[in-house]
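The values are calculated or read from the model by the stated rules, or taken from the named source; none is laboratory data. Nothing here was measured: the structure is a model prediction, and the numbers come from that model. Cβ placement follows ideal geometry from the backbone for every residue including glycine, while neighbour counts extend to all protein chains displayed. Ligands, DNA and RNA are stripped out before the accessible areas are found, and what is left, the full protein with its side chains, is counted by its heavy atoms. Shrake-Rupley method; radii C 1.70, N 1.55, O 1.52, S 1.80 Å.
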Amino acid sequence: MAATSLQLRELVSGVENLIFDRAKESDHLRRPDAEVVAALGDLGLMKLLVPKEYGGHEVHPSDLIDFTKSLAEIHGSTAWVAMTCNEEAELVSAYLPPETCRYLWIEDPSLVIAGSGVARGTASRTQGGWLITGRWNFVSGCTTAQKWVLNSVVAGSSPIELCFAFIDANPDFIEDTWHTVGLRGTGSHDVILNDFFVEDAFCGVVANNSLPLPDLPFYRLPSALRFPFPKTGVAAGLASRAITDFKFLAEEKTPLNSKRSLKERPDAAVALAKAEALVGTGQAWVHEQLDAVWEVAENDEPVTSDLHARVRLACSWSVQNAIRAIQHLVDAAGSTANFQNSGLMSLLDDARAVAGHFMVGSYQIDTAGRVLLGLDAGDPAF
(Lines give C-alpha, C1' and ligand atoms only; values in the text may rest on other atoms or scores of the structure.)
Protein backbone atom coordinates (compact mmCIF):
# COMPACT_ATOMS: atom_id res chain seq x y z
CA MET A 1 0.00 0.00 0.00
CA ALA A 2 1.42 3.38 -1.00
CA ALA A 3 2.01 5.89 1.77
CA THR A 4 -0.03 9.09 1.67
CA SER A 5 1.09 12.57 2.67
CA LEU A 6 -0.80 12.26 5.96
CA GLN A 7 0.80 8.91 6.78
CA LEU A 8 4.23 10.25 5.95
CA ARG A 9 3.78 13.22 8.28
CA GLU A 10 2.58 10.91 11.03
CA LEU A 11 5.65 8.72 10.57
CA VAL A 12 7.95 11.74 10.64
CA SER A 13 6.31 12.98 13.83
CA GLY A 14 7.29 9.70 15.46
CA VAL A 15 10.99 10.49 15.05
CA GLU A 16 10.77 14.28 15.34
CA ASN A 17 12.16 14.43 18.86
CA LEU A 18 15.07 12.15 17.99
CA ILE A 19 15.96 14.24 14.93
CA PHE A 20 15.72 17.47 16.90
CA ASP A 21 17.83 16.11 19.77
CA ARG A 22 20.62 14.95 17.43
CA ALA A 23 20.61 17.91 15.03
CA LYS A 24 23.31 20.06 16.64
CA GLU A 25 25.68 17.15 17.14
CA SER A 26 25.11 16.03 13.55
CA ASP A 27 26.03 19.47 12.26
CA HIS A 28 29.05 19.65 14.58
CA LEU A 29 30.34 16.25 13.47
CA ARG A 30 29.53 16.98 9.81
CA ARG A 31 27.66 13.72 9.30
CA PRO A 32 24.15 12.33 9.69
CA ASP A 33 23.23 10.72 12.97
CA ALA A 34 23.34 6.94 12.50
CA GLU A 35 20.39 6.29 14.83
CA VAL A 36 18.24 8.86 13.03
CA VAL A 37 19.02 7.37 9.62
CA ALA A 38 18.37 3.86 10.90
CA ALA A 39 15.04 4.98 12.38
CA LEU A 40 13.97 6.48 9.05
CA GLY A 41 14.93 3.23 7.34
CA ASP A 42 13.03 1.13 9.89
CA LEU A 43 9.92 3.24 9.21
CA GLY A 44 10.20 2.54 5.50
CA LEU A 45 10.97 6.17 4.73
CA MET A 46 14.07 5.44 2.64
CA LYS A 47 12.23 3.59 -0.15
CA LEU A 48 9.46 6.01 -0.99
CA LEU A 49 10.15 6.05 -4.75
CA VAL A 50 10.86 2.32 -5.02
CA PRO A 51 8.16 0.45 -7.01
CA LYS A 52 5.70 -1.66 -5.03
CA GLU A 53 6.87 -4.64 -7.04
CA TYR A 54 10.24 -4.33 -5.30
CA GLY A 55 8.81 -3.74 -1.84
CA GLY A 56 8.71 0.07 -1.93
CA HIS A 57 5.94 2.64 -1.49
CA GLU A 58 5.87 4.05 -5.05
CA VAL A 59 4.67 7.45 -3.81
CA HIS A 60 3.64 10.39 -5.97
CA PRO A 61 6.43 13.02 -6.18
CA SER A 62 4.21 15.52 -4.35
CA ASP A 63 4.31 13.20 -1.34
CA LEU A 64 8.09 13.19 -1.45
CA ILE A 65 8.11 17.01 -1.58
CA ASP A 66 5.86 17.17 1.49
CA PHE A 67 8.02 14.57 3.25
CA THR A 68 11.27 16.46 2.69
CA LYS A 69 9.57 19.71 3.70
CA SER A 70 8.34 18.26 6.99
CA LEU A 71 11.83 16.91 7.78
CA ALA A 72 13.53 20.20 6.85
CA GLU A 73 11.28 22.02 9.30
CA ILE A 74 13.04 19.94 11.97
CA HIS A 75 16.59 19.67 10.55
CA GLY A 76 17.75 20.60 7.08
CA SER A 77 20.62 18.14 6.85
CA THR A 78 18.47 15.18 7.87
CA ALA A 79 15.93 16.19 5.24
CA TRP A 80 18.63 16.40 2.57
CA VAL A 81 20.04 12.96 3.42
CA ALA A 82 16.59 11.37 3.49
CA MET A 83 15.83 12.98 0.12
CA THR A 84 19.05 11.87 -1.55
CA CYS A 85 18.87 8.35 -0.15
CA ASN A 86 15.38 8.02 -1.58
CA GLU A 87 16.72 9.25 -4.91
CA GLU A 88 19.58 6.74 -4.85
CA ALA A 89 17.13 3.94 -4.05
CA GLU A 90 15.21 5.10 -7.12
CA LEU A 91 18.40 4.85 -9.21
CA VAL A 92 18.84 1.25 -8.09
CA SER A 93 15.22 0.47 -8.99
CA ALA A 94 15.62 2.22 -12.32
CA TYR A 95 18.82 0.68 -13.63
CA LEU A 96 19.85 -2.48 -11.80
CA PRO A 97 18.62 -5.87 -13.07
CA PRO A 98 14.97 -6.38 -12.05
CA GLU A 99 15.76 -9.80 -10.60
CA THR A 100 18.24 -8.11 -8.25
CA CYS A 101 15.80 -5.38 -7.26
CA ARG A 102 13.05 -7.90 -6.51
CA TYR A 103 14.90 -9.27 -3.51
CA LEU A 104 16.84 -6.24 -2.19
CA TRP A 105 14.06 -4.61 -0.15
CA ILE A 106 12.35 -7.93 0.56
CA GLU A 107 15.58 -9.15 2.14
CA ASP A 108 16.12 -5.86 4.01
CA PRO A 109 13.05 -3.58 4.21
CA SER A 110 15.10 -1.00 6.16
CA LEU A 111 17.84 -0.73 3.53
CA VAL A 112 19.47 2.72 3.24
CA ILE A 113 21.31 3.54 0.00
CA ALA A 114 23.55 6.54 -0.62
CA GLY A 115 25.47 7.29 -3.79
CA SER A 116 25.76 9.43 -6.86
CA GLY A 117 23.99 9.38 -10.20
CA VAL A 118 26.64 11.61 -11.76
CA ALA A 119 28.98 9.56 -13.95
CA ARG A 120 32.28 10.28 -12.22
CA GLY A 121 33.88 6.89 -12.69
CA THR A 122 35.01 4.48 -15.39
CA ALA A 123 33.69 0.92 -15.65
CA SER A 124 35.92 -1.63 -17.40
CA ARG A 125 34.58 -5.03 -18.40
CA THR A 126 36.15 -8.07 -16.76
CA GLN A 127 35.14 -11.68 -16.31
CA GLY A 128 31.87 -11.91 -14.42
CA GLY A 129 31.49 -8.20 -13.79
CA TRP A 130 33.07 -4.76 -13.88
CA LEU A 131 36.11 -2.98 -12.47
CA ILE A 132 35.06 0.43 -11.19
CA THR A 133 37.48 3.35 -10.78
CA GLY A 134 36.63 6.94 -9.94
CA ARG A 135 35.91 9.70 -7.46
CA TRP A 136 32.33 10.66 -6.70
CA ASN A 137 31.71 14.01 -5.03
CA PHE A 138 28.86 15.00 -2.74
CA VAL A 139 27.84 11.49 -1.67
CA SER A 140 25.36 12.62 0.97
CA GLY A 141 24.79 10.13 3.76
CA CYS A 142 27.72 7.94 2.71
CA THR A 143 28.86 7.51 6.34
CA THR A 144 25.58 5.99 7.54
CA ALA A 145 24.16 4.13 4.53
CA GLN A 146 24.50 0.36 4.21
CA LYS A 147 24.93 0.41 0.43
CA TRP A 148 26.14 2.78 -2.28
CA VAL A 149 25.14 3.11 -5.92
CA LEU A 150 27.74 4.82 -8.11
CA ASN A 151 27.49 5.80 -11.77
CA SER A 152 30.35 5.36 -14.25
CA VAL A 153 30.96 5.62 -17.98
CA VAL A 154 31.68 2.29 -19.65
CA ALA A 155 35.26 2.41 -20.92
CA GLY A 156 35.46 2.66 -24.70
CA SER A 157 31.70 2.89 -25.22
CA SER A 158 30.49 4.87 -28.23
CA PRO A 159 27.77 5.95 -28.05
CA ILE A 160 28.26 6.34 -24.31
CA GLU A 161 26.96 3.67 -21.96
CA LEU A 162 26.63 4.03 -18.21
CA CYS A 163 27.23 1.49 -15.48
CA PHE A 164 25.39 1.84 -12.16
CA ALA A 165 27.32 -0.23 -9.61
CA PHE A 166 25.74 -1.30 -6.31
CA ILE A 167 28.23 -2.02 -3.52
CA ASP A 168 28.57 -2.33 0.24
CA ALA A 169 29.32 0.98 1.94
CA ASN A 170 32.87 1.04 3.23
CA PRO A 171 34.42 3.85 5.32
CA ASP A 172 37.83 3.00 3.86
CA PHE A 173 36.66 4.45 0.53
CA ILE A 174 35.50 7.79 1.99
CA GLU A 175 37.65 10.91 1.83
CA ASP A 176 36.70 13.57 4.39
CA THR A 177 35.97 16.55 2.14
CA TRP A 178 32.72 17.96 3.56
CA HIS A 179 33.89 21.12 5.37
CA THR A 180 31.03 23.49 4.64
CA VAL A 181 28.86 26.22 6.11
CA GLY A 182 25.48 24.97 4.87
CA LEU A 183 23.97 21.47 5.25
CA ARG A 184 26.95 20.52 7.40
CA GLY A 185 25.28 17.43 8.84
CA THR A 186 24.83 15.65 5.51
CA GLY A 187 28.31 14.13 5.46
CA SER A 188 28.49 14.65 1.71
CA HIS A 189 32.06 13.43 1.38
CA ASP A 190 33.88 12.01 -1.64
CA VAL A 191 33.89 8.28 -2.36
CA ILE A 192 36.92 6.83 -4.16
CA LEU A 193 37.25 3.42 -5.83
CA ASN A 194 40.23 1.96 -7.67
CA ASP A 195 39.65 -1.14 -9.86
CA PHE A 196 36.93 -2.28 -7.49
CA PHE A 197 35.22 -5.45 -8.73
CA VAL A 198 31.42 -5.56 -8.88
CA GLU A 199 29.69 -8.64 -10.24
CA ASP A 200 27.14 -8.42 -13.05
CA ALA A 201 24.12 -9.02 -10.81
CA PHE A 202 24.85 -5.75 -9.01
CA CYS A 203 25.54 -3.59 -12.05
CA GLY A 204 23.09 -1.97 -14.42
CA VAL A 205 24.53 -1.07 -17.81
CA VAL A 206 22.36 1.23 -19.92
CA ALA A 207 22.66 3.64 -22.82
CA ASN A 208 23.26 7.25 -21.83
CA ASN A 209 19.96 9.16 -21.35
CA SER A 210 17.97 5.94 -21.64
CA LEU A 211 14.72 5.60 -19.73
CA PRO A 212 14.64 3.33 -16.65
CA LEU A 213 13.18 -0.16 -16.66
CA PRO A 214 10.03 0.14 -14.48
CA ASP A 215 7.09 1.18 -16.64
CA LEU A 216 5.60 3.63 -14.15
CA PRO A 217 4.75 7.34 -14.55
CA PHE A 218 7.62 8.56 -12.38
CA TYR A 219 10.18 6.40 -14.18
CA ARG A 220 8.95 7.56 -17.59
CA LEU A 221 10.23 11.04 -16.82
CA PRO A 222 13.75 11.94 -17.96
CA SER A 223 16.23 12.03 -15.08
CA ALA A 224 16.46 15.82 -15.31
CA LEU A 225 12.80 15.96 -14.27
CA ARG A 226 12.88 13.21 -11.65
CA PHE A 227 15.40 14.91 -9.38
CA PRO A 228 14.63 18.67 -9.04
CA PHE A 229 11.27 18.39 -7.26
CA PRO A 230 12.40 16.98 -3.88
CA LYS A 231 15.00 19.74 -3.46
CA THR A 232 12.20 22.31 -3.41
CA GLY A 233 10.70 20.58 -0.40
CA VAL A 234 13.94 20.92 1.55
CA ALA A 235 14.25 24.61 0.70
CA ALA A 236 10.60 25.31 1.51
CA GLY A 237 10.90 23.46 4.80
CA LEU A 238 13.91 25.53 5.81
CA ALA A 239 12.03 28.73 5.02
CA SER A 240 8.96 27.47 6.89
CA ARG A 241 11.13 26.84 9.94
CA ALA A 242 12.59 30.34 9.60
CA ILE A 243 9.08 31.80 9.54
CA THR A 244 8.16 29.91 12.70
CA ASP A 245 11.36 30.96 14.48
CA PHE A 246 10.92 34.58 13.41
CA LYS A 247 7.38 34.70 14.80
CA PHE A 248 8.68 33.49 18.14
CA LEU A 249 11.50 36.05 18.05
CA ALA A 250 9.07 38.84 17.17
CA GLU A 251 7.06 38.04 20.30
CA GLU A 252 10.08 37.96 22.58
CA LYS A 253 12.42 40.67 21.29
CA THR A 254 12.33 44.38 21.99
CA PRO A 255 14.93 45.98 19.68
CA LEU A 256 17.60 48.24 21.13
CA ASN A 257 16.40 51.82 21.81
CA SER A 258 12.81 50.84 21.05
CA LYS A 259 9.73 50.83 23.28
CA ARG A 260 7.91 48.46 20.92
CA SER A 261 8.39 44.75 20.47
CA LEU A 262 9.75 43.51 17.18
CA LYS A 263 6.30 42.29 16.12
CA GLU A 264 4.98 45.86 16.26
CA ARG A 265 7.54 47.19 13.81
CA PRO A 266 6.40 47.62 10.20
CA ASP A 267 9.57 46.11 8.78
CA ALA A 268 8.94 42.89 10.72
CA ALA A 269 5.39 42.62 9.39
CA VAL A 270 6.54 43.26 5.83
CA ALA A 271 9.36 40.74 6.14
CA LEU A 272 7.03 38.05 7.43
CA ALA A 273 4.41 38.77 4.78
CA LYS A 274 6.99 38.64 1.99
CA ALA A 275 8.43 35.38 3.35
CA GLU A 276 5.02 33.72 3.47
CA ALA A 277 4.19 34.90 -0.06
CA LEU A 278 7.54 33.84 -1.51
CA VAL A 279 7.41 30.34 -0.07
CA GLY A 280 3.73 29.83 -0.84
CA THR A 281 3.86 31.01 -4.44
CA GLY A 282 7.08 29.12 -5.14
CA GLN A 283 5.67 25.83 -3.94
CA ALA A 284 2.31 26.41 -5.63
CA TRP A 285 4.00 26.79 -9.01
CA VAL A 286 6.13 23.70 -8.39
CA HIS A 287 3.00 21.63 -7.74
CA GLU A 288 1.25 23.15 -10.75
CA GLN A 289 4.10 22.17 -13.05
CA LEU A 290 4.38 18.77 -11.38
CA ASP A 291 0.70 18.15 -12.13
CA ALA A 292 1.29 19.09 -15.76
CA VAL A 293 4.29 16.83 -16.29
CA TRP A 294 2.69 14.00 -14.31
CA GLU A 295 -0.30 13.99 -16.66
CA VAL A 296 2.11 13.64 -19.57
CA ALA A 297 3.93 10.78 -17.81
CA GLU A 298 0.70 8.97 -16.97
CA ASN A 299 -0.33 9.12 -20.63
CA ASP A 300 3.17 7.98 -21.67
CA GLU A 301 3.61 11.03 -23.89
CA PRO A 302 6.87 12.86 -24.64
CA VAL A 303 7.72 15.91 -22.55
CA THR A 304 7.91 19.02 -24.73
CA SER A 305 10.87 21.35 -24.46
CA ASP A 306 8.65 24.16 -23.13
CA LEU A 307 7.15 21.97 -20.40
CA HIS A 308 10.59 20.68 -19.45
CA ALA A 309 11.83 24.25 -19.17
CA ARG A 310 8.86 25.38 -17.05
CA VAL A 311 9.30 22.44 -14.69
CA ARG A 312 12.98 23.16 -14.18
CA LEU A 313 12.27 26.88 -13.90
CA ALA A 314 9.59 26.34 -11.26
CA CYS A 315 11.93 24.22 -9.12
CA SER A 316 14.87 26.63 -9.32
CA TRP A 317 12.60 29.63 -8.78
CA SER A 318 11.02 28.03 -5.72
CA VAL A 319 14.45 27.45 -4.15
CA GLN A 320 15.46 31.05 -4.86
CA ASN A 321 12.18 32.19 -3.30
CA ALA A 322 13.00 30.24 -0.14
CA ILE A 323 16.40 31.92 0.07
CA ARG A 324 14.86 35.37 -0.39
CA ALA A 325 12.21 34.59 2.22
CA ILE A 326 14.79 33.69 4.85
CA GLN A 327 16.93 36.69 3.92
CA HIS A 328 13.99 39.03 4.58
CA LEU A 329 13.57 37.50 8.04
CA VAL A 330 17.29 37.67 8.79
CA ASP A 331 17.32 41.37 7.89
CA ALA A 332 14.28 42.11 10.05
CA ALA A 333 15.66 40.13 12.98
CA GLY A 334 18.56 42.57 13.33
CA SER A 335 21.68 41.58 15.26
CA THR A 336 19.93 38.56 16.79
CA ALA A 337 20.34 36.66 13.52
CA ASN A 338 24.12 36.80 13.90
CA PHE A 339 24.05 34.64 17.01
CA GLN A 340 24.15 30.86 16.72
CA ASN A 341 21.29 30.42 19.15
CA SER A 342 18.87 32.19 16.81
CA GLY A 343 19.33 29.63 14.03
CA LEU A 344 18.15 32.01 11.30
CA MET A 345 21.55 32.43 9.70
CA SER A 346 22.10 28.67 9.72
CA LEU A 347 18.79 28.19 7.93
CA LEU A 348 19.89 30.72 5.33
CA ASP A 349 23.21 28.90 4.87
CA ASP A 350 21.37 25.61 4.46
CA ALA A 351 18.98 27.05 1.88
CA ARG A 352 21.87 28.49 -0.11
CA ALA A 353 23.52 25.06 -0.03
CA VAL A 354 20.36 23.56 -1.55
CA ALA A 355 20.67 26.06 -4.40
CA GLY A 356 24.22 24.85 -4.94
CA HIS A 357 22.87 21.61 -6.43
CA PHE A 358 23.03 21.73 -10.21
CA MET A 359 19.45 20.49 -10.59
CA VAL A 360 18.05 23.62 -8.93
CA GLY A 361 20.93 26.08 -9.30
CA SER A 362 20.06 29.68 -10.09
CA TYR A 363 21.67 29.36 -13.52
CA GLN A 364 18.84 26.99 -14.45
CA ILE A 365 16.56 30.04 -14.57
CA ASP A 366 18.61 31.49 -17.43
CA THR A 367 18.76 28.10 -19.15
CA ALA A 368 14.99 27.67 -18.95
CA GLY A 369 14.50 31.15 -20.38
CA ARG A 370 16.71 30.27 -23.34
CA VAL A 371 14.63 27.20 -24.07
CA LEU A 372 11.37 29.15 -23.80
CA LEU A 373 12.80 31.61 -26.34
CA GLY A 374 13.48 28.75 -28.72
CA LEU A 375 17.25 28.84 -28.21
CA ASP A 376 19.59 25.95 -27.50
CA ALA A 377 19.71 25.21 -23.77
CA GLY A 378 23.47 24.85 -23.74
CA ASP A 379 22.96 22.21 -21.04
CA PRO A 380 23.03 18.45 -21.79
CA ALA A 381 20.57 17.85 -18.94
CA PHE A 382 17.84 19.60 -20.95
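Remarks
- If you go through the range 106-120 and keep only what is within 16 Å of Gly204 (Cα to Cα) and surrounded by fewer than 23 Cβ atoms within 10 Å (Cβ to Cβ), you end up with Gly117, Val118, Ala119, Arg120.
- Consider the range 57-79 and keep the residues that are outside any helix (DSSP H, G or I) and among the hydrophobic types (A, V, I, L, M, F, W, C). The one that is nearest to Asp215 (Cα to Cα) is Val59.
- The selection criterion, being at pLDDT below 95, open to solvent by less than 10 Å² (accessible area, probe 1.4 Å) and of a type outside the set (Phe, Trp, Tyr), does not hold for Ala239.
- Close pairs from the range 351-364: first under 12 Å from Phe229 (Cα atoms), partner open to solvent by 10 Å² or more (accessible area, probe 1.4 Å), Cβ under 6 Å, at least 6 apart: Met359/Phe227
- Residue match in the range 92-111 (condition: part of a strand (DSSP E or B) and of a type in the set (Phe, Trp, Tyr)): no
- Glu53 being buried (at least 16 other Cβ atoms within 10 Å of the Cβ), farther than 25 Å from Arg184 by Cβ, in contact with a helix residue (DSSP H, G or I) (Cβ under 9 Å, 6 or more places away or on another chain) and of a type in the set (Asp, Glu): no
- Complete set of residues in the range 336-345 that are assigned to a helix (DSSP H, G or I) and touching a residue at least 12 places away in the same chain (Cβ under 8 Å): Thr336, Ser342, Leu344, Met345
- Lone unmet requirement of (1) surrounded by fewer than 19 Cβ atoms within 10 Å (Cβ to Cβ); (2) modelled with pLDDT of 95 or more for Pro266: (2)
- The residues of the range 41-54 that are more than 18 Å from the chain's Cα centre (by Cα) and assigned to a helix (DSSP H, G or I), listed by number, are Asp42, Lys52, Glu53, Tyr54.
- Among the candidates Ala38, Ala82, Ala23, Ala89, residue that is assigned to a helix (DSSP H, G or I), among the aliphatic types (A, V, I, L, M), surrounded by fewer than 18 Cβ atoms within 10 Å (Cβ to Cβ) and modelled with pLDDT of 95 or more: Ala38
- Qualifying residue in the range 178-196 (condition: in contact with a His (Cβ under 6 Å, 6 or more places away or on another chain) and either under 28 Å from Gln327 (Cβ atoms) or crowded, with 20+ Cβ neighbours inside 10 Å (or both)): yes
- Qualifying residue in the range 280-297 (condition: in contact with a Leu (Cβ under 7 Å, 6 or more places away or on another chain), of a type in the set (Asp, Glu) and in contact (Cβ under 8 Å) with a residue 24 or more places away in the chain): no
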